[in-house]
Amino acid sequence: MRPRAVILGARSAIAQALAELLGTEHGYDLVLAARRSDQLRPAAADLTLRAGIRVDLLEYDALDTESAACLVDRARGDVGDFELAIQVFGYLGSQAQAEKDTAELLRIVHTNFTAAAVALNHLAGYLAARQAPGGIIGIGSVAGDRGRRSNYVYGAAKGALALYLQGLRNRLAGSGVHVLTVKPGFVDTPMTAELEGLFLLASPARVARDIVRAYQRRRDVIYTPWFWRYIMLLIKAIPESRFKHLHL
Amino acid sequence: MAHRITSGWGLHPRLAARVHQVRFPEDLRTLVAAHAPLLAQGNCRSYGDACLAPQVASFLPLNHLLAFDAERGVVHAEAGITLDKLLRFIVPRGWFLPVTPGTKFPTLGGCIAADVHGKNHHREGTFGRYVEELDMVLADGTCLSCSPTQHGDLFWATIGGMGLTGFIYAARLRLRPIQSAFIAMRALRTANFAETCRVFAETHAQYPYSVAWVDCLASGSRLGRSIVMLGDHEQVAEASSDPLLRAHSSRSLAIPFHFPACTLNRFTVRAFNAAYYHRQWRREVCTRIHYDPFFYPLDVVAHWNRIYGRTGFLQYQFVVPFRDGEAVMTEVLTRIAARGSASFLAVLKTMGAQEGGMLSFPLAGYTLALDLSLRDRGLIPFLRELNQLVVDSGGRNYLAKDAILEREQFEPMYPRLQEFLAVKRHYDPRGAFRSLQSERLGLS
């Protein structure tokens with residue numbers, strides 16, 4: 001039996017790179033959950049042909065937290081099981097707009113934190129009850145390590161997600177379900193395509209490789225690419241009295 | 001949307017462009033509605049400005065295999081798939097590309113748009129001959145499938161049409177069966193151009209693949225001396241086993257930076273050419289070699305184009321009909337040898353009959369391809385003189401490699417140009433698909 005992974009937010013560039021890696025190199029069957037999941041048919045056909053794995057598409061809107069209750073059942077489908085759940089969806093939004101517009105603020109907070117917490121809550125419940133090794137991977141952000149004027153709404157939601165994952169890791173520590181928190185830096189994806197002047201841009205494929213390796217090694221928290229750990233250490237070390245005057 | 005500096009493989013010209021990533025087929029309709037004029041862009045393996053425009057739709061994310069018919073050997077794939085990815089899938093299953101260019105990094109869409117040819121053109125024709133169907137998104141956003149029998153005008157304008165008729169979303173390609181990933185190769189050293197031509201003529205019926213590497217800095221009685229490489233897919237007595245159908249592995253070398261100006265000069269290049277020629281000290285060598293080094297010898301060195309430095313280079317490829325072919329080719333080689341223009345690689349081949357695409361390059365005759373460094377400041381006028389020689393002999397230049405052709409020289413080279421333009425105007429009346437090259441040559 002091949003292992004099976006559920007990827008939430010499967011249309012994102014990082015999710016697609018993860019699906020490629022898990023399917024072709026690690027032999028995972030995949031459940032690709034996303035809005036407009038029919039757009040993933042070419043990717044599903046490609047993985048099925050090349051890797052010989054089974055790929056199921058799941059129509060899933062993270063913000064529809066009501067219907068998250070049946071997420072686990074739908075992901076299990078007629079296969080009946082999965083052992084790895086990866087939450088990738090996120091929404092960068094616009095900080096400037098969120099400062100004026102509550103709808104934008106809520107969308108950022110709900111997508112990156114509330115909806116993620118709701119989905120992970122259901123998935124964790126199932127995985128913990130399976131009585132078998134499994135895993136949860138959540139994608140946070142380096143933006144969640146310290147609030148900055150340029151993106152603190154997004155950062156606050158991602159930071160909250162990191163805290164949630166930390167607690168979940170603590171809760172599941174004895175159950176055989178491993179929880180990995182991923183904090184990517186700038187990644188070359190549609191999320192960052194409109195931003196000018198980004199530096200140290202990593203490819204989604206590189207980020208996916210880091211994530212899978214960290215999961216295999218049972219790491220708890222990783223930064224990807226690795227150097228962001230040290231960049232964030234520096235940024236976190238600046239005293240608040242100074243930091244509040246900086247333009248970062 | 002951030003701007004990126006884009007260029008073809010020759011690194012000249014360069015253009016800051018808005019690059020829209022096409023992640024899903026639906027994006028194509030949105031893009032053409034919102035951002036025309038624009039151009040489909042693949043892996044930028046054409047050399048000049050054929051792949052450049054101020055706004056491009058990058059097809060690299062549209063790289064999926066959609067279906068594979070293992071009985072007939074027909075693959076259906078999105079246009080952004082590279083030959084590299086395609087080969088990794090088809091070779092272990094006992095299939096190969098029916099026609100392949102000298103690198104495996106172009107995309108399927110790029111190969112169709114340039115109607116590429118390979119070492120087997122004299123026998124098997126161009127890439128377009130094996131395309132069964134194209135799934136296109138047109139200027140008005142409609143999706144249309146075309147084939148030789150269905151919307152044949154659009155099909156044959158798109159084969160070799162440099163991406164100017166519409167977006168090629170996906171294609172069905174007929175593959176050729178192989179029993180082994182290896183090539184039985186025979187290499188012959190020839191003393192001059194006449195002998196090279198004679199070897200081609202004598203071996204054509206026997207070998208599907210043939211190409212000559214020419215020492216284009218040799219002159220006088222040695223003008224056109226070459227190593228002619230001939231090959232065929234290895235035949236295996238019993239049913240093929242796994243290791244024989246091993247696909248290529250990833251490359252291992254890379255040129256990390258642009259070489260400084262002093263590295264390439266007529267002495268180093270002459271030494272390289274002479275060393276390459278004399279490396280084969282026997283007149284004839286027979287060997288067995290994997291398809292990867294046989295078809296794609298330069299692919300092992302990532303970014304090999306950087307050896308020409310920041311100024312880049314031009315790849316110059318033309319074909320001239322057999323009629324005056326030997327005379328024209330001798331004249332061209334003489335002028336290049338006299339100029340001492342540095343070229344690492346001069347590749348000579350004979351081509352089979354013209355067919356198919358309205359703007360397809362090949363016609364029956366000799367074709368020569370040269371890399372020429374742009375550090376030579378008089379290079380462009382020099383090549384335009386050669387262009388005139390090519391036009392006058394009824395030959396033509398290859399659009400996939402061109403960056404300098406002028407409209408007056410281009411028009412007589414492609415006799416089906418008006419036919420192409422009529423189809424282009426019919427399917428793209430407002431000129432939604434344009435490239436720097438199409439603007440220069442009056443193709444849009």
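Remark: for residue pairs A:K100/A:K158; A:K158/A:K236; A:K183/B:K85; A:K183/A:K236; B:K85/B:K119, the C-alpha separation exceeds 25 Å in A:K183/B:K85.
Rounded if a/c is under 1.5, else prolate if a/b is larger than b/c, else oblate: which is region A:112-195, with a ≥ b ≥ c the root eigenvalues of its Cα gyration tensor?
Values: a/c = 2.55, a/b = 2.14, b/c = 1.19.
Prolate, because a/c is 1.5 or more and a/b exceeds b/c.
Per-residue 3J(HN,Hα) values for region A:40-49, derived from phi via the Karplus relation 6.51 cos²θ - 1.76 cosθ + 1.60 with θ = phi - 60°, read 8, 4, x, 5, 5, 4, 4, 5, 4, 5 Hz in sequence order (x marks Gly and Pro). The helix-based estimate of mean residue ellipticity at 222 nm for chain A, built from -39,500 (n - 2.57) per DSSP H run of four or more residues and divided by its residue count, is -13000 deg cm²/dmol to the nearest 500.
Can you bin the protein assembly as shown into rounded, prolate or oblate? Criterion: square roots of the alpha carbon gyration tensor eigenvalues sorted a ≥ b ≥ c, rounded for a/c under 1.5, prolate for a/b above b/c, oblate for the rest. Since a/c reaches 1.5 and a/b is larger than b/c, the shape of the protein assembly as shown is classed as prolate. Count the DSSP beta bridges whose two residues both fall in chain B, then state the antiparallel fraction as a percent rounded to the nearest 5. Here the antiparallel bridges make up roughly 85 percent for chain B.
The listed peptides A:14-22, B:376-384, B:98-106, B:44-52, ordered by packing as a protection proxy, come out as B:44-52, A:14-22, B:98-106, B:376-384 (highest mean of other Cβ atoms within 10 Å first). Working note: Karplus 6.51/-1.76/1.60 with θ = phi - 60° gives region B:345-361 the couplings 10, 10, 10, 10, 7, 9, 10, x, 5, 5, 7, x, x, 5, 10, 5, 6 Hz, where Gly and Pro are set to x.
A viscosity of 0.692 mPa s and a temperature of 37 °C, combined with the Kirkwood radius over C-alpha pairs in the Stokes-Einstein formula, give region B:319-389 a diffusion coefficient of 248 µm²/s. Here's the picture: charge each Lys and Arg Cβ at +1 and each Asp and Glu Cβ at -1 in region B:96-248, and of B:L134, B:A247, B:M162 the one pushed furthest to the positive end of that dipole is B:A247. Legend: P(r) of region B:176-254 from all alpha carbon pair distances, 5 Å bins from 0, whole percents, reading 3, 14, 19, 14, 14, 14, 11, 8, 3, 1, 0.
Using the Kirkwood formula on the Cα atoms of region A:45-107, what hydrodynamic radius do you get, in angstrom to one decimal?
Values: mean 1/r = 0.0672 Å⁻¹.
Every distinct Cα pair counted, the radius reaches 14.9 Å.
Cα centroid separation, region B:61-79 to region B:330-383: 34 Å.
Quick one: compute a quarter of the convex hull surface over the Cα atoms of region B:251-377 and quote it in nm². Please list the in-between numbers first.
Values: hull surface 42.0 nm².
Convex hull of Cα atoms, orientation-averaged projection: 10.5 nm².
Summed over qualifying helices (DSSP H, 4 residues or more, each -39500 (n - 2.57)) and divided by its residue number, chain B shows a 222 nm mean residue ellipticity of -8000 deg cm²/dmol.
So if I take the alpha carbon set of region B:87-145, get Rg, then get Rh from the Kirkwood formula, what is the Rg over Rh ratio?
1.03
For the protein assembly as shown, give the share of DSSP beta bridges that are antiparallel, in percent and rounded to the nearest 5; count only bridges with both residues there.
Bridges in the protein assembly as shown that DSSP calls antiparallel: roughly 65 percent.
For peptide A:141-147, the mean count of partner chain Cβ atoms within 10 Å of a residue's Cβ comes to 0.
More than 43 angstrom separation, counting every C-alpha pair in chain B; what % is that? That fraction is 9 percent. Based on C-alpha pairs under 8 angstrom that are at least 6 apart in sequence, chain B has a relative contact order of 19 percent.
Tally Lys/Arg at +1 and Asp/Glu at -1 over every other residue whose Cβ is under 14 Å from the Cβ of B:E419; what's the total? If you can, show how the numbers build up before the last one.
Numbers: positive: B:R416, B:K424, B:R425; negative: B:D153, B:E411.
So the environment of B:E419 carries a net charge of +1.
Tell me the angle of helix A:152-172 to the major Cα principal axis of chain A, expressed in degrees between 0 and 90 and rounded to the nearest ten. Rounded to the nearest ten degrees, it is 50.
Region A:193-248 and region A:132-163 have their alpha-carbon centroids 11 Å apart.
In this entry, region B:158-304 is assigned a mean projected area of 13.5 nm², taken as a quarter of its C-alpha convex hull surface. Other residues with beta-carbon under 13 Å from the beta-carbon of A:R219 carry, at +1 per Lys or Arg and -1 per Asp or Glu, a net charge of +4. In region A:4-243, the ratio of gyration radius to Kirkwood radius, Rg to Rh, stands at 0.95 when only Cα atoms are counted.
What is region B:1-153's relative contact order, in percent, from Cα pairs under 8 angstrom and six or more apart in sequence?
Numbers: 272 pairs, mean separation 27.6, N = 153.
Across region B:1-153, relative contact order equals 18 percent.
Under the criterion of Cα pairs below 8 Å and six or more residues apart, the relative contact order for region A:1-102 equals 35 percent. Working note: Karplus 6.51/-1.76/1.60 with θ = phi - 60° gives region B:14-19 the couplings 10, 8, 7, 10, 7, 9 Hz, where Gly and Pro are set to x.
Quick note: the coordinates plus some simple rules give every number you see, no bench work behind them. Here the structure is a predicted model, which is why all the values come from computation and not from measurement. Because the Cβ atoms are built from the backbone with ideal geometry, glycine has one as well, and the counts that use them run over all protein chains shown.
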